[in-house]
Amino acid sequence: MHTDTNISLQPFHFFASEEQAKYFTVIKNKEDVTDAIEWCHEQNLPLLILGSGSNVLFTQNYPGLVAKMEINGIKKINESATEVVLEVGAGENWHHFVSYCVHKGWGGLENLSLIPGTVGASPIQNIGAYGVEVHECIQQITAFDTVSKEWVQLSKQACKFGYRTSLFKEYTHRYIITQVQFVLQKQPQLKTDYGAIRDMLHEKGIKHPNLESVSNAIVQIRTQKLPDPKILGNAGSFFKNPAVSKSQYEHLQEQFPTIIAYPISDDSYKIAAGWLLESCGWKGIKKGNVGCYEKQALVIVSYGIRSGKEVFDFSEEIIHSVANKFKVALEREVNIY
Ligand SMILES: Cc1cc2nc3c(=O)[nH]c(=O)nc-3n(C[C@H](O)[C@H](O)[C@H](O)COP(=O)(O)OP(=O)(O)OC[C@H]3O[C@@H](n4cnc5c(N)ncnc54)[C@H](O)[C@@H]3O)c2cc1C
């Protein structure tokens, strides 16, 4: 296995800070996965799989092996009159894959257009946007289980998908995902009930949307709303929407009548983290080389950081201010190393 030593991670993640990996390699096939695990075991070093680096923050040099996932390929493995099943390599670019499905007329993933990242990382936090989560189209996942030391096929149920979470978040670094199987619909049911999508379609004069027009509308909304990571390094939403009990929500609502929240079960609510940050005055605030994006407080942006620690310390300040004002604990969505 080829490894490089003391490699700067700057080109490999969206915050583009300057931490280094002690060792670095690229994974092109399943054998490379087992080789990397064996190598780390022999050297007694940790292993970190990296996709496109759009959801990580390095706060220090990585002491082990960083392995960039580049297993590619989109294979049709089943087809019926109504559905098509695809097996996709973990290293495929997410948006390219979504565009491929849209182009073929296969529906299900169009609302997830332009989310950065790789196919293999998509199940990890069960990526979601505009009323759709990726688990809705996932059938099965192929992964190497580093605990049982065998290849496993995980059914959708086994993956324990939830809001921005899954089995892979519960057992961090246990599974190395190499392929994801998706089921797409040949007669797609479009989901355009989100206000922003409806408004964009209306603005473009589209009365009868199809997969392509919905995907294009979402690309346009996201381009307008979110910072371009090539210009302002970021990892999308930095925090998750926190869950609170119904009684805590009702108490907060009495104190802060404009609070934005939605029920997730009979006795719990999710509060919009963006609203919490804006209410604490974080929107557009810049401190040193870090800030909260002017159009969306939840996105922490880099104005040229050298160390990811700057972002981490800034996020700590936000967590404390939200806890002080609302007694609500924010949790980071971004993976910290
Ligand atoms: C501008 C912007 C907008 C975003 N918008 C959204 C959004 O709307 N919705 C949403 O859900 N997310 C969003 N994100 C977050 C991000 O796009 C997703 O989390 C994405 O799935 C990360 O993919 P990646 O390949 O970059 O993963 P990375 O950042 O490289 O890795 C993320 C984590 O997954 C692990 N990992 C990666 N690949 C594998 C693998 N094959 N096997 C095992 N572990 C692996 C890594 O070790 C790491 O812990 C956004 C990010 C940005 C920068």
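Laboratory data are not the source of any read-out in this text; all were calculated from the coordinates shown. Computed from a prediction, not measured in an experiment: that's the story for all the values here. Cβ placement follows ideal geometry from the backbone for every residue including glycine, while neighbour counts extend to all protein chains displayed.
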Hey, got the Cα dimensions of the range 271-337 along the principal axes, in Å, largest first? 32, 25, 17
Rounded, prolate or oblate: pick one for the range 170-260, where a ≥ b ≥ c are the square roots of the eigenvalues of its C-alpha gyration tensor, a/c under 1.5 means rounded, and failing that, prolate if a/b is larger than b/c, else oblate. oblate
What shape does the chain take by its C-alpha gyration tensor, where a ≥ b ≥ c are the square roots of the eigenvalues and a/c under 1.5 counts as rounded, a/b above b/c as prolate, and the rest as oblate? oblate
Taking the Cα centre of the chain as origin, work out the dipole magnitude from +1 charges on Lys and Arg Cβ and -1 charges on Asp and Glu Cβ, in debye rounded to 20. 580
Among VAL322, VAL132, what is the fewest-to-most ranking by other Cβ atoms within 10 Å? VAL132, VAL322
Fully extended, how many nm does the chain gain between SER8 and LYS327 (0.36 nm per residue separation, minus their Cα-Cα distance)? 110.9 nm
Which longest run of the chain has no exposed loop site in it, a site being trypsin sites (Lys or Arg not before Pro) in a DSSP loop with at most 16 other beta carbons within 10 Å, and the site itself not part of the run? 29-148
For the range 136-180, which chymotrypsin sites (Phe, Trp or Tyr not before Pro) are in a loop by DSSP, counting at most 14 other Cβ atoms within 10 Å? TYR163, TYR171
Just add up the charged neighbours of PRO242: K/R +1, D/E -1, any other residue whose Cβ is under 9 Å from the Cβ of PRO242. +1
DSSP loop GluC sites (Glu not before Pro) in the range 285-328 with at most 16 other Cβ atoms within 10 Å of their Cβ, which ones? GLU294
Too-long pairs where the Cα-Cα distance tops 25 Å, listed order kept, from LYS104/LYS204; LYS76/LYS240; LYS156/LYS295; LYS270/LYS295: LYS76/LYS240; LYS156/LYS295
Residue (of PRO46, MET1, GLY195) at the positive-pole extreme of the chain, dipole from beta-carbon charges: GLY195
Note down the nm distance, to one decimal, between modelled labels 7 Å out along Cα→Cβ at ASN210 and at THR172. 4.5
Positive-end residue of LEU252, PHE326, GLY274, charge dipole of the range 233-336 with Cβ unit charges: GLY274
Quick one: plug the Kirkwood hydrodynamic radius of the range 188-337 (C-alpha pairs) into Stokes-Einstein at 25 °C, 0.890 mPa s, and report D in µm²/s. 143
